[in-house]
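A.B. asks: Handing you a structure now.
The values are calculated or read from the model by the stated rules, or taken from the named source; none is laboratory data. Remember, predicted model here, so these are calculated numbers, not experimental data. Virtual Cβ from ideal backbone geometry, glycine too; neighbours counted across all protein chains shown. To get the accessible areas, we keep the full protein, side chains included, count just its heavy atoms, and leave off ligands, DNA and RNA. Shrake-Rupley method; radii C 1.70, N 1.55, O 1.52, S 1.80 Å.
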Amino acid sequence: MRQANARVPVSDIRTQTADIDRTINQEITFARLCSAFAILATMIACVGLYGAVSYSVVRRTGEIGIRMALGAQRAGVVRMVLREVLALVAAGLLIGMAAALATSKFVASFLYGMKPNDPVALTLGVITLLAAALLAAYVPARQASRIDPLVALRRD
């Protein structure tokens with residue numbers, strides 16, 4: 001720079017490697033932040049699903065007590081609760097997948113090294129949400145299967 005024009009002030013000199021590292025560092029930080037928020041959102045969804053399923057099971061205590069009094073097996077009660085939860089989750093996943101596929105072209109410019117409708121990423125997302133839903137629904141389903149029929153019938 002001094003050979004070209006000695007009167008031009010030179011400040012904040014960085015190599016191209018340092019500039020690239022600085023840019024990538026910001027992207028990595030942003031990706032980690034997005035991942036943390038995604039994990040937090042999944043946890044909040046699990047807590048919400050757990051609360052909704054627990055409330056549904058508590059409201060159906062009498063029905064479950066009658067089923068148990070008439071000879072329903074614990075595994076059958078657990079399957080019944082999980083089946084209902086999975087039906088709701090499947091409906092939500094269908095709506096969510098349709099929305100994701102319809103709006104994927106809007107986020108295509110933000111993705112690097114990945115297609116907007118990447119089947120592996122979509123499958124991994126569906127599996128993660130299904131696992132989270134099953135985990136959130138299993139505890140209330142187990143509690144429902146342990147209801148004493150006499151106590152449940154006396155409650156109502």
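A.B. asks: Exactly one condition in (1) farther than 30 Å from Leu150 by Cα; (2) surrounded by 10 or more Cβ atoms within 10 Å (Cβ to Cβ) is not met by Met80; state its number.
C.D. replies: Result: Met80 fails condition (1) only.
A.B. asks: Next question, about the same structure. Any residue that is part of a helix (DSSP H, G or I), within 22 Å of the chain's Cα centre (by Cα), more than 27 Å from Val151 (Cα to Cα) and not charged (D, E, K, R) - is there at least one of those in the range 13-29? Give the derivation first.
C.D. replies: So the first thing to find is which residues in the range 13-29 are part of a helix (DSSP H, G or I), and the list is 16-29.
Those left that are additionally within 22 Å of the chain's Cα centre (by Cα): 28-29.
Next cut, more than 27 Å from Val151 (Cα to Cα) only: 28-29.
Those left that are additionally not charged (D, E, K, R): 28-29.
The answer is yes; a qualifying residue exists.
A.B. asks: State whether one or more residues within the range 54-63 are among the β-branched types (Val, Ile, Thr), open to solvent by less than 100 Å² (accessible area, probe 1.4 Å) and not in a helix (DSSP H, G or I).
C.D. replies: Going through the range 54-63, the residues among the β-branched types (Val, Ile, Thr) turn out to be 57-58, 61.
Filter once more, so that each one left must be open to solvent by less than 100 Å² (accessible area, probe 1.4 Å): 57-58, 61.
Within this subset, residues satisfying the condition of being not in a helix (DSSP H, G or I) are none.
No, the range 54-63 has no match at all.
Residue by residue, here is whether (1) modelled with pLDDT of 85 or more; (2) open to solvent by 70 Å² or more (accessible area, probe 1.4 Å); (3) over 21 Å from Ala45 (Cα atoms) holds:
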| site | (1), (2), (3) |
| --- | --- |
| Leu93 | yes, no, no |
| Gly96 | yes, no, no |
| Phe106 | no, yes, yes |
| Phe110 | no, yes, yes |
| Thr123 | yes, yes, no |
| Ala131 | yes, no, no |
| Ala137 | no, no, no |
